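The values are calculated or read from the model by the stated rules, or taken from the named source; none is laboratory data. Just so we're clear, the structure is a prediction, and the values are computed from it rather than from any experiment. Quick reminder, even Gly has a Cβ in these numbers, built from the backbone with ideal geometry, and neighbours come from all protein chains shown. All accessible areas refer to the heavy atoms of the entire protein, side chains included, with ligands and DNA or RNA removed. Shrake-Rupley method; radii C 1.70, N 1.55, O 1.52, S 1.80 Å.
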Amino acid sequence: MLLNTLWSRNRRSRTGRRLFADAAPALESLEDRVLLSADDIAGFTQDSAWRVGASDENNFQFTNLQQWSQAVTWSDPVTGDFDGDGNEDVAARDATTGQWWVGLNDGKGHLDTTSWTTWAPTAAWTDVVVGDFNSDGKDDIAGRASDGVIWVAASQANDSRDSDSQNNNGLNNNQFQNQAWTFWSTTAAWTDVRAGDFNGDGDDDIVGRASDGSIWVARSDNDTHFTNENWTTWDPTAGWQDTQVGDFNGDGSDDLASRTALGQWWVATSRNTNDDNNTTNNTFNNQAWTAWWEGAGWNNVVTGDFNDDGNDDIAGATNDGQIWVALSRNDNHFENQAWGQADPALGLHNAVVGDFDDDNGDDIAAQGTDGNWYVASSNDHENGFDTAFWGGDPALYNRVFAGDFDSVRD
């Protein structure tokens, strides 16, 4: 199959010491470029390099952002806008020392990397997530320790473009402030832990499902505290998989969706109501929105607004390469449509969602086992993906992200 027919058109988103390797590779110069708003892809490689595929709206241009020490055992590589300047930054934790290192991105291919805080290296951290938990415009990092305490490393950074954020030596005073925000039971086996704004108040919250099926939301109070609330319960024997967070009904609050072993897609839509005492009641409303054939071997399941209607949709591929999109119809159901065909021999993986061609509709990027990257661009007309080969990259990634990593180009 020709590379550009991967998806056929089937008619029809602290300061601290610097830590660099002894010999970092030269960085491609991204200076003297014009503003670019298309999403890029970035990832942390198996040889400890942060690497970016900068989108020019038709291709990815791959280069190393920065090589980090290969002598360190890195855990939990994440991305987020930790200084609030509009560029996606990168972070990872030294598993031996517990130090969190943050690489602030200037949008021109340069990372300013320093240590921002330290987490206890013996705490067996799990379910590390990124979100703006205090609604200050800067992303924070949260994680749960082995004693059940959920800690938030809240960014104290100022916008790196602001001269007031610098000390007398001209260096930025950037750090995380660690605080214990809540506690979850250590006897429950927590799964599907995600960040999202489930009550639509502008603060990110954390959701998780306990082993008894109860779904709990750690709701941010916009300060230094989560309030734990049981919003609903799912059948603990249903075999839930491919759990997704998205605003599937377009009401401004994030919802939770997951598929059972029998193929049913259930959506828990967020409901926030006030009673007679003006007390806010937060719950999820569970409804079956559609079903996918349980024997299809679904893979690369992702969420995005693929038809640009303001409602998030769900896409996935079958073992034989069919690409299906469950389009949200904003009336408590998904409409399943076949949007294309992939060659299963390509071994697509590392699927991420972003607006890579800057047309406002979400697209899907995925890497083949040969290192080549392909983008399925939504054409916003609800009849398929326009797909092309976007670049070759031999790097092996531990984790891949989408976002605005290169805000300028030639």
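Whenever a residue of region 176-192 is closer than 20 Å to residue 157 by Cα, its partners that are part of a loop (DSSP other than H, G, I, E, B) and open to solvent by 20 Å² or more (accessible area, probe 1.4 Å), lying with C-beta atoms within less than 8 angstrom and at least six residues away or across chains, give the pairs 176/14; 176/156; 177/156; 179/224; 181/224; 181/225.
Just give me the residues in region 175-200 being in contact with an Asp or Glu (Cβ under 6 Å, 6 or more places away or on another chain) and either more than 27 Å from residue 101 (Cβ to Cβ) or not in a strand (DSSP E or B) (or both), in sequence order. Correct list: 197, 198. Scanning region 85-112 for residues that are touching a Lys or Arg at 6+ places or on another chain (Cβ under 8 Å) and buried (at least 20 other Cβ atoms within 10 Å of the Cβ) yields a total of 4.
Quick check on this structure: which one of 203, 147, 212 is open to solvent by less than 10 Å² (accessible area, probe 1.4 Å), at pLDDT 95 or above, part of a loop (DSSP other than H, G, I, E, B) and not β-branched (Val, Ile, Thr)? Steps first, please.
On the way: 147 fails: open to solvent by less than 10 Å² (accessible area, probe 1.4 Å); 212 fails: open to solvent by less than 10 Å² (accessible area, probe 1.4 Å).
Unique residue meeting the criteria: 203.
Looking only at residues of region 156-189 that are modelled with pLDDT of 95 or more and among the hydrophobic types (A, V, I, L, M, F, W, C), we find that the one that is farthest from residue 236 (Cα to Cα) is 176.
If you check 93, 18, 9, 14, which single one turns out to be among the charged types (D, E, K, R), touching a Phe, Trp or Tyr at 6+ places or on another chain (Cβ under 6 Å) and modelled with pLDDT under 80? Give the steps one after another, and end with the answer.
On the way: 93 fails: modelled with pLDDT under 80; 18 fails: touching a Phe, Trp or Tyr at 6+ places or on another chain (Cβ under 6 Å); 9 fails: touching a Phe, Trp or Tyr at 6+ places or on another chain (Cβ under 6 Å).
Step by step, each of 93, 18, 9, 14 is checked, and only 14 is among the charged types (D, E, K, R), touching a Phe, Trp or Tyr at 6+ places or on another chain (Cβ under 6 Å) and modelled with pLDDT under 80.
Looking only at residues in region 359-410 that are at pLDDT 90 or above and of a type in the set (Val, Ile, Thr), the one that is most open to solvent (accessible area, probe 1.4 Å) is 369.
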